[in-house]
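Below is one structure, written out as structure tokens, with a few remarks after it.
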Amino acid sequence: MERRPVRQVSVEAGQDCLVGHFDAMASPCEILIESDDRAEAARLTKLAAGEAWRIEDKFSRYLAGNIVARMNSARGNAITVDDETASLLDFADTLHTLSKGRFDITSGVLREVWTFDGGDGLPDPQAVKDVLQRVGWDRVTWRRPVLTLQAGMEIDLGGIGKEYAVDRVAGRLREAGTCSALVNFGGDLAVTRAPRQRQAWRVGIEPVSAANNECNETVLEIATGALATSGDSRRYLQKDGIRYSHILDPRSGWPVERAPRSVTVAADTCTEAGMLSTLAMLEGYNAEAFLDGEGAMYWCRR
Amino acid sequence: MTERKQTSVSAALAAATCSLLGAAPIAPVQAQEDPGWDFNTALLYYGEDNDRVQDLSLNILGKRYFVDDRALSLGLTVDTLTGATPNGAIRQGVPQTFTRPSGSSVYTIPANELPLDDTFKDTRAALSVGWEQPLGRLWKTSVGLSGSFEYDYTHIGLNGSLSRDFNQRNTTVSAGLAIAHDTWDPVGGTPVPFAPMLDVGGTGNKTGGESKDVIDAVFGVTQVISRRLLVQLNYSFSNSSGYLTDPYKVLSLVDGVTGDTITRVPPPGVEGPSHEFRFESRPDDRTKHSLYTQAKYYMGGKVLDASYRYMTDDWEIDSHTVDLRLRWPVGERSYVEPHLRFYTQSEADFYTISLVDGTELPAFASSDYRLGNFDAVTAGLKYGWTTRGGNEMSIRAELYRQTGSIPGDLLIGNQVGRETYPDLDAIILQFSYRFSR
Amino acid sequence: MIKRNVTGFGIAVLVVLASGCSSMGVEPWERDILAKEEMQLTTDPVEAAIDDHIYFSKEASSGGRGFGGGGCGCN
């Protein structure tokens, strides 16, 4: 059972702004607020944390009793879900079609055979085949608002959850106040509205490999919109000189070939940015061509 | 026209996200890298054979982008020129002595050699500042200032351009205008047209500084033909007015029958020219028209760059230029790029080899080989690579060869067979480094 | 005069081309190759300026792609 981090909120001074801190969804979260009013910053941070924790509690697969746990323990019975969950399932369904099956929220069970710890422990191909029997959005019956999952299958919203939370939090902050805020959940971020006292918010894209001595951290100026990164800097396997990224192709159960080490995409919303970067990673060696073809703004490291 | 394929992924994704998050309006993303400055630097060596011109230059261009695709460019070039250049006089079977442009000393050329003047060791500095920015969604504009300074020549210029995209940015139409004012302050003064080259200390043939004004206009269309092919067509107009003559070049005054240069003897105790030379004179106006077209074609990783330019002017010069480059990727981080350029021009109507003694002077005359009839070929190879830090370096080596011919009707008497166009062989070496800070 | 005819011809060619070009091109999501650095019309502005300067001082023509030559006492 995961040990839950302590839920508390704090506000500190940043560079020409105030920064609210809290932990959510296994990431350090910060809200950069263009204001020098501490009380206002604290209010907004509490609002942001509240929404983030609400989403985490509702959709985390680590918690018993929430909608995800109920879906995953239904053993073949139909479950009626609420509007918000239904919208997420609709979204996942669209993405499954758009990515031609590469994006699949039922692929989480593959973690039973794959452990990406930097070692060389590849799974037995038969074991992968066996687990693959329990993977496939096509095997799910989804007719809003009723979901029917076969026994042994699981829904894992980890691939959309964080970016969705960033956008929800940004939306709440937009309604709740007038100053510009940057919502940053461990690198997935969004701006609520264009800042007034500065041209743009400045964020850094972390270079992936520490071995790259000349690494120039790329600094981005973002005035509106969102950023999301898909990457495998720590989660991979390496055997016989081949690097296996943790991005698994749910159709085969094996890692996508020649995926970039990291892809960062800028888009209007964090959800779109996250999905584009995920889809790009799933394209493997074709990632850049895919993003070029979509006219996306991106930074790719191989 | 390509039929509409299925809706792009990002459009469908945007729609799906809208359903997920609710239809509250979201501002479109505005984000860009803050790269600081992008620097493009190059070190160049240019050297001609036979002790002729050698040039070493350092070129730096810095560009900084701001939000919204606005950008500031700063450029600096410093170059030093040494070596000798033909002074316009013809060869003779005997040594020839010339007075230097400063009028303070002489130099002598051995018999049967092409007279070259090696007076010049010149250093030049050029600066430019430019600003470009979009105007609305489809228009772009730029303005710039340029200036260059050397001990006998100054240039200042102003330029601006405007462009607009059409057809989903498949077509771009652009127009540009540049004006410049250049001033000459030649060593020793500006020669009076056709004035004789005088002995050391003589100044009656020179006047003060001169200037010229240049106006350039360019109109162009760039068109995307397909996913792999882009073409451009430009029409340019250029007019220069003012002092267009080269103040350091002369013509030999020759006998109408033998074609040999008339000799002279300087007064006793004075050094001066051994033959009669007259300073050249060009018209004070020149209008040029050019039509330029370029295509870039992507062939599975390789890129072909092909261009053609036709130029014609009211000095009766016509030229054709064909330029071909093929960029060939090597591995993941480098490329080779062979390059071929073909050039041909026909001579100016006032181009001549010498002036005939006793006949009426023409309105204008110059024997500058660069106004003559010649072909030129450039062949080169460039190798470029990206460093691990993401910066780019390249080296290129090229050979430039000019071979010309003097129209038969310009050669008189002994000049036939002796006077040939001063063919040129030059090597171009360049090292370039592009990096960001 | 000849000069005015050449000017008029040049501009007419461009206008005809610009209007006839309205049906050619690619969709915005097909610009992947065109966006590559090596597909830009001028891939290296410094090298282009260097070449323009060399040929301006050794030949009687200049420019074409933009503002050409000038700015030195070498021609």
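The values are calculated or read from the model by the stated rules, or taken from the named source; none is laboratory data. Computed from a prediction, not measured in an experiment: that's the story for all the values here. Methodologically, a virtual Cβ is constructed for each residue, glycine included, from the backbone with ideal geometry; neighbour enumeration extends over all protein chains shown.
Please state which one of B:Asp313, B:Asp357, B:Asp323 is more than 10 Å from chain C (Cβ to nearest Cβ) and of a type in the set (Asp, Glu).
Every option except B:Asp357 fails the conditions.
If B:Asp246 meets every condition in (1) surrounded by 18 or more Cβ atoms within 10 Å (Cβ to Cβ); (2) in contact with a strand residue (DSSP E or B) (Cβ under 6 Å, 6 or more places away or on another chain); (3) under 30 Å from B:Gly176 (Cα atoms) apart from one, which number is that one?
Failed condition: (2).
Condition check ((1) buried (at least 18 other Cβ atoms within 10 Å of the Cβ); (2) in contact with a helix residue (DSSP H, G or I) (Cβ under 9 Å, 6 or more places away or on another chain); (3) at the interface with chain B (Cβ under 7 Å from one of its Cβ atoms); (4) at pLDDT below 80) across all residues:
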site: C:Pro45; (1), (2), (3), (4): no, no, yes, no
site: C:Asp51; (1), (2), (3), (4): yes, no, no, no
site: C:Ala60; (1), (2), (3), (4): yes, yes, yes, no
site: C:Gly63; (1), (2), (3), (4): yes, yes, yes, yes
site: C:Gly69; (1), (2), (3), (4): yes, yes, no, yes
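Give all pairs with beta carbons closer than 7 Å in which a residue from the stretch B:395-416 that is without any contact (Cβ under 8 Å) to a residue 24 or more places away in the chain and away from chain C (no Cβ under 11 Å) meets a residue that is surrounded by 14 or more Cβ atoms within 10 Å (Cβ to Cβ) and in a strand (DSSP E or B); count only pairs at least 6 apart in sequence or on separate chains.
none
Consider B:Ser436 against the criteria (1) within 14 Å of chain A (Cβ to nearest Cβ); (2) without any contact (Cβ under 8 Å) to a residue 40 or more places away in the chain: it satisfies all of them except one. Which criterion is unmet?
Among (1) within 14 Å of chain A (Cβ to nearest Cβ); (2) without any contact (Cβ under 8 Å) to a residue 40 or more places away in the chain, the lone unmet condition for B:Ser436 is (2).
Does B:Gly103 satisfy the criteria of being part of a loop (DSSP other than H, G, I, E, B), touching a Ser or Thr at 6+ places or on another chain (Cβ under 9 Å) and buried (at least 17 other Cβ atoms within 10 Å of the Cβ)?
yes
Being surrounded by 15 or more Cβ atoms within 10 Å (Cβ to Cβ), of a type outside the set (Val, Ile, Thr), more than 17 Å from the chain's Cα centre (by Cα) and in a strand (DSSP E or B) is the filter here; which residues of the stretch B:67-86 pass it?
B:Ala71, B:Leu72, B:Ser73, B:Leu74, B:Ala84, B:Pro86, listed by residue number.
Assess whether B:Arg327 counts as being under 30 Å from B:Ile262 (Cβ atoms), free of Cβ contacts under 8 Å to residues at least 60 places away in the same chain and in contact with a Lys or Arg (Cβ under 7 Å, 6 or more places away or on another chain).
no
Within the stretch A:44-51, identify whether any single residue is free of Cβ contacts under 8 Å to residues at least 12 places away in the same chain, part of a helix (DSSP H, G or I) and within 30 Å of A:Gln199 (Cα to Cα), and answer yes or no.
Within the stretch A:44-51, one or more residues are free of Cβ contacts under 8 Å to residues at least 12 places away in the same chain, part of a helix (DSSP H, G or I) and within 30 Å of A:Gln199 (Cα to Cα).
Tell me, which strands (runs of 3 or more DSSP E) wholly within the stretch A:112-205 include 1 or more residues that are within 25 Å of A:Glu56 (Cβ to Cβ), within 14 Å of another protein chain (Cβ to nearest Cβ) and small (Gly, Ala, Ser)?
Result: A:181-185, A:188-191.
Can you name every residue in the stretch B:164-176 that is in a strand (DSSP E or B), facing chain C (nearest Cβ under 9 Å) and either surrounded by fewer than 18 Cβ atoms within 10 Å (Cβ to Cβ) or within 19 Å of the chain's Cα centre (by Cα) (or both)?
Correct list: B:Phe166, B:Gly176.
For the stretch B:121-163: of the residues being among the basic types (Lys, Arg) and more than 10 Å from chain C (Cβ to nearest Cβ), which is surrounded by the fewest Cβ atoms within 10 Å (Cβ to Cβ)?
B:Arg137
Can you pull out the residues in the stretch B:352-387 that are of a type outside the set (S, T, N, Q), closer than 16 Å to B:Thr245 by Cα and out of contact with any Ser or Thr (no Cβ under 6 Å at 6 or more places or on another chain)?
Passing the criteria: B:Pro362, B:Ala363, B:Asp368, B:Tyr369, B:Arg370, B:Leu371, B:Gly372.
Consider the stretch B:48-62. How many of its residues are crowded, with 19+ Cβ neighbours inside 10 Å and within 17 Å of B:Ser148 (Cα to Cα)?
4
Taking the condition among the small types (Gly, Ala, Ser) and at the interface with another protein chain (Cβ under 10 Å from one of its Cβ atoms), does B:Ser73 pass?
Spelling it out, B:Ser73 is indeed among the small types (Gly, Ala, Ser) and at the interface with another protein chain (Cβ under 10 Å from one of its Cβ atoms).
For the stretch B:316-425, which fully contained strands (runs of 3 or more DSSP E) count at least 2 residues that are β-branched (Val, Ile, Thr)?
Passing ranges, in order: B:318-330, B:334-345, B:374-386, B:392-404.
Restricting to the stretch B:223-247, give me the number of residues that are more than 7 Å from chain C (Cβ to nearest Cβ) and either under 23 Å from C:Glu37 (Cβ atoms) or not in a strand (DSSP E or B) (or both).
Of the residues in that region, 7 qualify.
Determine which member of the set A:Ala287, A:Ala259, A:Ala267 is within 14 Å of chain C (Cβ to nearest Cβ) and among the small types (Gly, Ala, Ser).
A:Ala287
Applying the selection to the stretch B:178-216, what residues are farther than 30 Å from B:Val303 by Cβ, among the hydrophobic types (A, V, I, L, M, F, W, C) and not in a loop (DSSP other than H, G, I, E, B)?
Listed by number, the residues that qualify are B:Ile179, B:Ala180, B:Trp184, B:Val214, B:Ile215.
With respect to the numbered conditions (1) surrounded by fewer than 20 Cβ atoms within 10 Å (Cβ to Cβ); (2) touching a residue at least 40 places away in the same chain (Cβ under 8 Å); (3) under 30 Å from B:Leu198 (Cα atoms), which one is the sole condition not fulfilled by B:Thr293?
(3)
Looking at the stretch C:3-17, is at least one residue modelled with pLDDT of 65 or more, of a type in the set (D, E, K, R) and part of a helix (DSSP H, G or I)?
no
If you scan the stretch A:54-100, which residues turn out to be touching a strand residue (DSSP E or B) at 6+ places or on another chain (Cβ under 9 Å), surrounded by fewer than 16 Cβ atoms within 10 Å (Cβ to Cβ) and assigned to a loop (DSSP other than H, G, I, E, B)?
A:Gly76, A:Asn77
If we keep just the residues of the stretch B:258-289 that are in a loop (DSSP other than H, G, I, E, B) and in contact with a helix residue (DSSP H, G or I) (Cβ under 6 Å, 6 or more places away or on another chain), which is farthest from B:Ile215 (Cα to Cα)?
Among those residues, the one meeting the criterion is B:Thr258.
Is there a residue in the stretch B:3-18 that is assigned to a helix (DSSP H, G or I), of a type in the set (S, T, N, Q) and more than 22 Å from the chain's Cα centre (by Cα)?
Yes: the stretch B:3-18 contains one or more residues that are assigned to a helix (DSSP H, G or I), of a type in the set (S, T, N, Q) and more than 22 Å from the chain's Cα centre (by Cα).
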